[in-house]
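The values are calculated or read from the model by the stated rules, or taken from the named source; none is laboratory data. The model shown is predicted, which means the values in this text are computed figures rather than measured ones. With ideal geometry, Cβ positions are generated from the backbone for all residues, glycine too; neighbour counts draw on all protein chains shown.
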């Protein structure tokens with residue numbers, strides 16, 4: 001896995017499709033707020049799928065972020081199941097939890113993109129990650145976390161108003177980091 005390539009791909013997609021990406025993001029954010037977070041998971045998986053579609057050369061439509069809502073229960077089941085495994089793995093020895101996080105980082109995308117059941121999405125994600133290097137994928141997740149964390153620390157250190165941080169994070173950082181994960185999925189699952 002080339003850790004830098006997904007970020008470059010996500011940035012290029014973001015710049016080329018800025019309007020569609022921002023409208024898709026606003027749809028996901030507004031509907032997540034209106035539903036008190038109930039629909040946040042499928043909406044943001046739908047947002048990531050915008051990057052997957054762009055990687056495949058498909059036409060982007062902002063309201064396609066709504067498509068995964070039909071897979072709501074599969075996504076929520078996978079989310080809580082994966083979260084439980086990661087939590088238990090971290091409690092036991094930390095390393096299993098980190099391996100689980102890396103193995104199943106693409107599970108949600110597989111579930112929606114390939115219309116898979118939870119266990120099939122998890123299995124496909126694990127196989128793909130193991131094939132392309134579990135530790136490289138874990139490092140990729142650390143880089144994503146680090147980027148989000150560092151932006152927050154810079155804002156606090158510079159005493160920038162919190163609303164500026166939220167705007168910067170929402171309009172630039174989150175789309176690029178979540179888009180990078182989606183681009184890595186699209187690139188590796190060809």
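Only residues that are in contact with a helix residue (DSSP H, G or I) (Cβ under 6 Å, 6 or more places away or on another chain), more than 18 Å from residue 6 (Cβ to Cβ) and part of a loop (DSSP other than H, G, I, E, B) were counted across region 105-131, and they come to 1.
Here region 20-43 is the region considered, the condition is being over 13 Å from the mean Cα position of the chain (by Cα) and touching a residue at least 60 places away in the same chain (Cβ under 8 Å), and the residue that is nearest to residue 180 (Cα to Cα) is 21. In region 106-124, the condition of being more than 25 Å from residue 31 (Cβ to Cβ) and surrounded by 17 or more Cβ atoms within 10 Å (Cβ to Cβ) is met by at least one residue.
The set of residues in region 1-16 being touching a helix residue (DSSP H, G or I) at 6+ places or on another chain (Cβ under 6 Å) and either at positive phi or outside any helix (DSSP H, G or I) (or both) consists of 1, 3.
Within this structure, residue 46 passes the test of being closer than 16 Å to residue 111 by Cα and in contact (Cβ under 8 Å) with a residue 40 or more places away in the chain.
When the criteria are applied in full, residue 158 fails the requirement of being out of contact with any helix residue (DSSP H, G or I) (no Cβ under 7 Å at 6 or more places or on another chain) and closer than 18 Å to residue 8 by Cβ.
Can you find, within region 60-104, the residue that is nearest to residue 31 (Cα to Cα) among those that are modelled with pLDDT of 95 or more and assigned to a loop (DSSP other than H, G, I, E, B)? Filtering first and then ranking leaves 61. The lone criterion from (1) under 13 Å from the mean Cα position of the chain (by Cα); (2) in contact (Cβ under 8 Å) with a residue 12 or more places away in the chain left unmet by residue 171 is number (1). Residue 24 versus (1) in a loop (DSSP other than H, G, I, E, B); (2) closer than 16 Å to residue 173 by Cα: which is the lone unmet condition? So residue 24 meets the others, but not (1).
Put simply, of 163, 135 the only residue that is without any contact (Cβ under 8 Å) to a residue 40 or more places away in the chain, assigned to a helix (DSSP H, G or I) and more than 25 Å from residue 102 (Cα to Cα) is 163.
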